[in-house]
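A.B. asks: Sharing a structure here in C-alpha cells format.
The values are calculated or read from the model by the stated rules, or taken from the named source; none is laboratory data. Keep in mind it's a predicted model, so treat the numbers as computed, not measured. Cβ placement follows ideal geometry from the backbone for every residue including glycine, while neighbour counts extend to all protein chains displayed. What goes into the accessible areas is simple: the full protein's heavy atoms, side chains included, and nothing from ligands, DNA or RNA. Shrake-Rupley method; radii C 1.70, N 1.55, O 1.52, S 1.80 Å.
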Amino acid sequence: MQTENLIAIDVFCAHHNIEVSFITSLHQSGLIEITTVKEAGFINADQLQYLEKFIRFYYDLDINLEGIETIAHLLQRINAMQDEIVMLRNKLRLYESFE
C-alpha cells in the first residue's frame, strides 16, 4: 500500500497539540477516514483541509462533536447547491446562445 499521501495520526496530533481521541471521534462519526497500516492509524492528506477546519471548530470555537457533524452536513449541502447553480447557469447560457 502506498503511504506517501498518508500522515500518521500520532505525528499529526503531536504537531497540532490535540488528542488522538478527537481524531478517533471524528472517524466514528464518519467525518474523516482513518487508514490502518501495520496497526498504526493514518489520515489521507486529502482530508487535511477538513480535519484542520474541524480542529478549529472544536478547540478554538468550542463546538461539540454533534455541532461539527451538523456544520459539516450543512457545508456539504451548500457545496452541492453551488455546483447545481453553476450547472443550471451553464445550461441557461447554452439555451440563451440559441436565441
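A.B. asks: At a probe size of 1.4 Å, how large is the accessible area of Thr35, to the nearest 10 Å²?
C.D. replies: So the heavy atoms of Thr35 present about 40 Å² to solvent.
A.B. asks: So I have (i) 52; (ii) 37; (iii) 46, and one of them is percent of Cα pairs over 19 Å apart calculated from this model. Which one is it?
C.D. replies: Label of the calculated value: (i).
A.B. asks: Can you check what the net charge comes to around Arg89, using other residues whose Cβ is under 13 Å from the Cβ of Arg89 (Lys, Arg +1; Asp, Glu -1)?
C.D. replies: Value of the local net charge: -1.
A.B. asks: Right, another one. What Kirkwood hydrodynamic radius, in Å, does region 1-58 give when the mean of 1/r is taken over all pairs of distinct Cα atoms and then inverted?
C.D. replies: By the Kirkwood definition, the hydrodynamic radius is 11.5 Å.
A.B. asks: To the nearest µm²/s, what D does Stokes-Einstein give for region 54-99 at 10 °C and 1.306 mPa s, using the Kirkwood radius over alpha carbon pairs as Rh?
C.D. replies: D, rounded to a whole number, is 124 µm²/s.
A.B. asks: Another question, then. Just how large is the dipole of region 16-99 about the Cα centre, in debye to the nearest 20, putting +1 at every Lys and Arg Cβ and -1 at every Asp and Glu Cβ?
C.D. replies: 220
A.B. asks: Give the ranking of Tyr50, Tyr59, Tyr95 by solvent-accessible surface, highest area first, calculated with a 1.4 Å probe.
C.D. replies: Of Tyr50, Tyr59, Tyr95, the descending order of accessible area is Tyr95, Tyr50, Tyr59.
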